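Participant: Dumping the structure here so I can ask a few things about it.
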Amino acid sequence: MEIHEFYIPSSSGIANLHCMEWIPSGEVKAIVQIAHGMMEHVGRYREFAEFLAGHGIYVLGNDHLGHGKTAAAAEDRGYFGEHGGAVSVIRDMRRVTVHAQRKYPGVPIFLLGHSMGSFFARRYLTVYKDGIDGVILLGTGAPKDAEVRLGYLLADTICRQRGTRCRSKLLYEMSLGNYNRKFKPVKTPYDWLSRDEKKDRDFGDDPLTDFIFTAGAYRDFFEVILKTAKLEKAGKMRTDLPILILSGSKDPVGEETKGVRRVYERYDKAGAEDLSIGFYEDARHELLNELNRDQVSADILEWIGEHEG
C-alpha cells in the first residue's frame with residue numbers, strides 16, 4: 001500500500017485542495033471517496049482507509065474549503081468563501097470524483113460522507129446524475145426545517161452586520177454546543193463524538209481541528225441542509241444507486257436514530273431501489289472512531305463487496 005498527498009485546484013479559485021489517497025498494492029476492486037465532517041480533515045480517516053486499501057479498495061478524499069491543509073492560514077479555517085462557498089465544496093468533491101475516474105477508469109466509486117460530509121454527499125446526489133456507483137452516509141440526520149431556517153437567518157444577519165468571517169459563539173452553541181450535555185459524567189468536551197476517550201482527546205489535541213465555523217460557512221451549510229431536504233422530499237435526487245445509512249443509536253446529530261430514520265423514509269418514498277439502514281447500539285457520532293469501529297469497517301467492506309460488481 002502507498003499513501004500519497006497531493007493538491008488540485010479548488011473550484012472556488014481561492015485555494016488548492018489538499019487530497020490524500022491510499023493505493024492498494026494489488027488489483028483495485030473499488031474506490032471510496034471520503035467527504036469528511038465539520039471542523040476535521042481527511043487525515044483523520046487514516047485507520048479506516050488503510051483497512052480498505054488492505055482489501056483492494058483505493059481510498060481518496062480532500063480537505064474541504066476551510067479545513068485541514070486546504071486552509072492555508074489559520075484565519076481561513078472554517079471559511080468557505082464570501083458567497084456560494086458550499087457550492088464550491090460540492091464542485092470540489094466532483095473534481096475529486098473525476099480524479100479517481102481518470103486514475104482507475106471503469107472501477108466503481110462509492111461516496112462516503114460523514115456528518116457535514118453526509119449532507120454534502122446527499123446534495124451531490126441532487127446535482128450530479130453520474131460518476132458515483134453507491135453512497136454511504138455516516139452520522140447524518142434530518143434537522144427540523146424551522147430550526148435550520150432560524151440558524152440560517154441568524155448566520156445571515158451576522159454576516160451582514162459583522163462580515164462572513166465573523167466567528168459567533170452563539171452559532172456554535174446552537175449547532176453543536178448542546179451535544180455534549182447529553183453524556184454524563186463529561187470527561188472531555190468531545191464525549192459526544194465517541195465512547196473512546198482517547199479518540200475524543202485526539203480530536204481536541206489535533207491542531208487542524210482547533211477552530212469554530214465562520215458565520216458565512218454556517219450560512220452556506222444551513223442553506224445546503226434546507227435545499228437538500230426540499231429536493232429529497234420532492235424525490236429529486238438519484239434513486240438508482242445503492243445507499244447505505246449507518247448511525248450510532250446515541251448519535252445526537254441523528255437525534256438518537258429519529259432523524260436518521262427520516263432520511264431513510266425520504267429515500268424510500270422517493271423510490272430508492274437499493275436502500276439499507278443500520279444502527280449500532282450505544283455508539284455515538286463518529287462510528288469510524290468508536291469502540292466498535294472494527295465492526296463498522298467490516299460491515300462497510302462487506303456492503304461494498306456486495307455492490308462492486
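The values are calculated or read from the model by the stated rules, or taken from the named source; none is laboratory data. Everything numeric in this text was worked out from a predicted model, so none of it was measured. Neighbour counts run over all protein chains shown; Cβ positions are idealised from the backbone, glycine included.
Participant: Which of the residues spanning segment 137-152 are of a type in the set (Ser, Thr, Tyr) and touching an Asp or Glu at 6+ places or on another chain (Cβ under 8 Å)? Outline the logic, then answer.
Facilitator: Within segment 137-152, the subset of a type in the set (Ser, Thr, Tyr) is 140, 152.
The one that is of a type in the set (Ser, Thr, Tyr) and touching an Asp or Glu at 6+ places or on another chain (Cβ under 8 Å): Tyr152.
Participant: Just one of the numbered conditions (1) surrounded by 17 or more Cβ atoms within 10 Å (Cβ to Cβ); (2) out of contact with any helix residue (DSSP H, G or I) (no Cβ under 7 Å at 6 or more places or on another chain); (3) over 15 Å from Ala30 (Cα atoms) is not true of Ala72; which one?
Facilitator: (1)
Participant: Right, something else. Taking segment 30-86, which residues are more than 17 Å from Leu137 (Cα to Cα), aromatic (Phe, Trp, Tyr) and under 17 Å from the mean Cα position of the chain (by Cα)?
Facilitator: Within segment 30-86, Tyr79, Phe80 qualify.
Participant: Separate question: If a residue must be surrounded by 13 or more Cβ atoms within 10 Å (Cβ to Cβ), among the aliphatic types (A, V, I, L, M) and modelled with pLDDT under 95, how many such residues does segment 171-201 contain?
Facilitator: Residues that pass the stated criteria total 3.
Participant: Among the listed residues Asp240, Asp210, identify the single one that is more than 27 Å from Phe279 (Cα to Cα), among the acidic types (Asp, Glu) and out of contact with any Phe, Trp or Tyr (no Cβ under 6 Å at 6 or more places or on another chain). Give the steps one after another, and end with the answer.
Facilitator: Details: Asp240 fails: more than 27 Å from Phe279 (Cα to Cα).
Testing whether each residue is more than 27 Å from Phe279 (Cα to Cα), among the acidic types (Asp, Glu) and out of contact with any Phe, Trp or Tyr (no Cβ under 6 Å at 6 or more places or on another chain) leaves just Asp210.
Participant: Something else about it: Which of the residues that make up segment 101-137 are in contact with a Leu (Cβ under 8 Å, 6 or more places away or on another chain) and surrounded by fewer than 21 Cβ atoms within 10 Å (Cβ to Cβ)?
Facilitator: Thr126, Asp133
Participant: Within segment 103-143, how many residues turn out to be in a loop (DSSP other than H, G, I, E, B) and either modelled with pLDDT under 95 or under 30 Å from Ile31 (Cβ atoms) (or both)?
Facilitator: First pass over segment 103-143, keeping only residues in a loop (DSSP other than H, G, I, E, B): 104-108, 115, 128-133, 139-143.
The next check asks that each one be either modelled with pLDDT under 95 or under 30 Å from Ile31 (Cβ atoms) (or both); those that pass are 104-108, 115, 128-133, 139-142.
The number of residues fulfilling the criteria is 16.
Participant: To continue, here is another question. Out of the residues in segment 259-309 that are among the acidic types (Asp, Glu) and touching a Pro at 6+ places or on another chain (Cβ under 7 Å), which is surrounded by the fewest Cβ atoms within 10 Å (Cβ to Cβ)? Don't jump to the end; show me each part of the working.
Facilitator: So in segment 259-309, the residues among the acidic types (Asp, Glu) come out as 265, 268, 273-274, 281-282, 286, 290, 294, 299, 302, 306, 308.
Within this subset, residues satisfying the condition of being touching a Pro at 6+ places or on another chain (Cβ under 7 Å) are 274, 308.
Numbers: Asp274: 13, Glu308: 16.
Per the stated criteria, the residue is Asp274.
Participant: Taking segment 228-242 only, how many residues are surrounded by 14 or more Cβ atoms within 10 Å (Cβ to Cβ) and either within 11 Å of Lys129 (Cα to Cα) or in contact with a Pro (Cβ under 6 Å, 6 or more places away or on another chain) (or both)?
Facilitator: The qualifying residues number 4.
Participant: Here is a list of conditions, (1) surrounded by fewer than 19 Cβ atoms within 10 Å (Cβ to Cβ); (2) out of contact with any Phe, Trp or Tyr (no Cβ under 8 Å at 6 or more places or on another chain); (3) of a type outside the set (A, V, I, L, M, F, W, C), and Gly204 meets all of them except one; can you say which number that is?
Facilitator: The single condition Gly204 does not satisfy is (2).
Participant: Based on what the data block shows, is Tyr79 surrounded by 18 or more Cβ atoms within 10 Å (Cβ to Cβ) and closer than 30 Å to Asp205 by Cβ? Walk me through how you get there before you give the answer.
Facilitator: Values: surrounded by 18 or more Cβ atoms within 10 Å (Cβ to Cβ): yes; closer than 30 Å to Asp205 by Cβ: yes.
Yes, satisfied.
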